[in-house]
1. Calculate one ³J(HN,Hα) per residue across the stretch 669-674 by plugging θ = phi - 60° into the Karplus curve 6.51 cos²θ - 1.76 cosθ + 1.60, and present them in order as whole Hz with x for glycine and proline.
2. Quick check: the distance between the Cα centres of the stretch 102-116 and the stretch 345-376, to the nearest angstrom?
3. Label Val330 and His38 with points 7 Å out from Cα along Cα→Cβ: what is the distance between them in nm?
4. Over all Cα pairs of the stretch 326-459, how is the pair count split among 5 Å bins, expressed in % and running from 0 up to the last occupied bin?
5. By how many nm would the segment from Glu16 to Lys403 lengthen if fully extended, with 0.36 nm per residue of separation less the alpha-carbon distance?
6. Of Lys340/Lys403; Lys513/Lys560; Lys80/Lys137, which ones are farther than 19 Å apart at the Cα?
7. Which residues does the label zone of Phe175 cover in the stretch 128-145, counting backbone N under 19 Å from a point 7 Å along Cα→Cβ?
8. What's the ranking of 134-144, 91-101, 499-509, 359-369 by average number of surrounding C-beta atoms within 10 Å, highest first?
Amino acid sequence: MSSGEIKEMGDILANEADLLGMIKEYLKYGEFEETVHHFEKECKNKGKVVPKPRGNSLRDSKTLIIQKDLLSSFDDGDFKVFFELWTEFVPLEVRDCDPHAQKLEFYLHVHFTIFPLKIHLGRHDRADFEVRITHFKNYLETRGAALSQTTEFLPYYALPFVPNPMVHPSFRDLFQDSWIPEMKQELEKFLTVTLKVSNTPRLLSLYKDGGRNTKDTIQQLQLQLAEAEKRTSSYMRRFNKMQADHHNLIGVTAELVDSLEATVSGKMISPEYLQSVCVRLFSSQLRQSAAQSIDFTRPGTGYYSMSPYDDGYASSLLRASIAPQRPKEVPLLPSLDYDKLKRDLLGGSDRLKALLLQALCWRLTRSLQGEQRDTVLQAYISNHLLDHHSTRQKSVLLLMRSKNEMVRQYMARLINAFASLAEGRVYLSQVPSLLRLLIESLRTEEKDSVSRENVLGALQKLSLRRSQQSAMIEDGLIDWLVDELQDSDCLSDYTLEYAVALLMNLCLRTRGKRKCAENPKHVLKVLTDLLGHENHEIRPYVNGTLYSILCIHAVREEAKEMSMEEILRCYSKEENPELNRQIEFIIKQLNSGEATEEGPESDDEEEDDDDEEDAIETDLDKEEVLQLQPRELSGETLLTTEYLGIMTNMATRVKRRSAAPLGRSVDEPLQRPVTPSSHRNTHIIGCSLTTSR
């Protein structure tokens, strides 16, 4: 027998002996005394070696060594060794779920980051500090990200960007002589409790570790996924704004290049033209694409170029960078059997109803904008997906009253998706029972639940239409919104933005203004409090609401009583020229005479006031809570597997496009109904070149 085979056999025998020892240890733990006696006897007869169970002294010794190594690494500032030991020996469930462990881990990262600063800094120490700062940044973006909303830890997120933390007032405590001993004492207490000796048999420990609470792990992953989706949504909004600003700058640059060419050739540039260029530079009023908001037809003065790719205009290359791409062929989605769909939506299990509503919502929100999405929407409408076309049929909308929260949530998501599209709003506005169901849900759902957020979003988008505005005002929605906004700090960003925007849309109507005039002090108090809210996205809607209701004499008088002008001027000190100019307009309205009283009654004529805006938010499918079970179908797979219809995709109805919104000074507060999802990319920032003459 070779030496390799001998070694392999020795390993097998050693492993077998260790396993037999664990079995014996478990049997003794369970007090199976007779079984232990027979087990030992049979092992002896077969020549099997059963080692004695590992005693607590061995475990105690190992625990003390680990604890000593961790404390030694802490003293030496060796963060690599420390966190290797920390990750290996502090259980994952403790590090992820125990708030005390998370807090301690955060401060340990701070300790190791500033460690080189506590000794005399030389070149080597400075380089070491830079390495540690990079490591700390990585921690803040990964495991430390969960604590970014906690006030206690918030200042430390600025630590990597402070040139000299030793002299910064926010970090003064870190460099006190008492800080490290206190930290070490906390660490010792934690390790003593966490690394304590366990009498649990090794066999049981292996079993637990091998099948560690899968449910808890899944829940943790779901929470991490939700956080990631929130961050993605935030990044997408920022990206869309940056992209819109970039396109606008390119277009304005092209115009300015043309202007420079014109001046070189002796042509005069009119002040009006410069005014228009400046307004475009600062307004960023981009709609569906940059190409629609930039005039590509105005020719340059021309010049001679040797380049075969240049058409003779200096601005051509700039315009080409944002020229619309030729649309690609997009396949239409398969047709569905809507009769079967509605039968299962009305009569299926709650689980099936939720899955179907999720799939129908995804089909709309995840389809490609253009013909594919238009075809999906038209199929939903023509097949009366939400409403019944026969008095004998029940309406799918009644699922808003389902006892199952998951069904109500996905019904609300689907209605919100419909309301995000202009043709969808036309359809919803023709369903008589819809507003009653939505307002009922708004008042009964739990505060800031996903269901209520989607209901509020749908109502806000429907408020682009005048008939829906009137119905909401009649149903007392203004009073509900004002009361809800009293405690704005307890509302999610989505609820806050859509609630304020909905209030503004309703207050643009004469009926809405008069409703506010019934209790002006309460309304003005809530609005002025919102002016100071940390969420600056709501400011245009608050300003628009104030500007609208101050045309009522009773509201103006109440505003003067509460020194509204002084309050507004406090907020106008902020470094935001756009909002400052809007506040000046509001103050002018506040001090206006009786001539502006209430506006014409004609503004209550029931005419559609929808600007045909399609505004599906990037985060409309956020916080998905419906998790698939084994072999369960969902989304498009569920629809095309179980509900495939005859392949008869209808020709898409040509979408009506209204004329451009009525012009207004970019300085003024909003005076037309808007929805936050479309207004984010339409920032109202003015630039006035008017000079006194």
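Each reported figure results from applying straightforward, stated rules to the coordinates on display, with no laboratory input. Because the structure is predicted, anything quoted here is derived from the model rather than measured. So basically every Cβ, Gly included, is an ideal-geometry build from the backbone, and we count neighbours across all protein chains shown.
1. x, 4, 10, 10, x, 9
2. One Cα centre to the other: 48 Å.
3. The modelled label-to-label distance comes out at 7.2 nm.
4. Pairs per bin, as whole percents: 2, 10, 21, 23, 22, 13, 5, 2, 1, 0.
5. 133.6 nm
6. Numbers: Lys340/Lys403 23 Å; Lys513/Lys560 17 Å; Lys80/Lys137 15 Å.
Those over the limit are Lys340/Lys403.
7. 128-134
8. Values: 134-144: 15.5, 91-101: 13.9, 499-509: 27.5, 359-369: 19.8.
Going by the mean number of other Cβ atoms within 10 Å, highest first, we get 499-509, 359-369, 134-144, 91-101.
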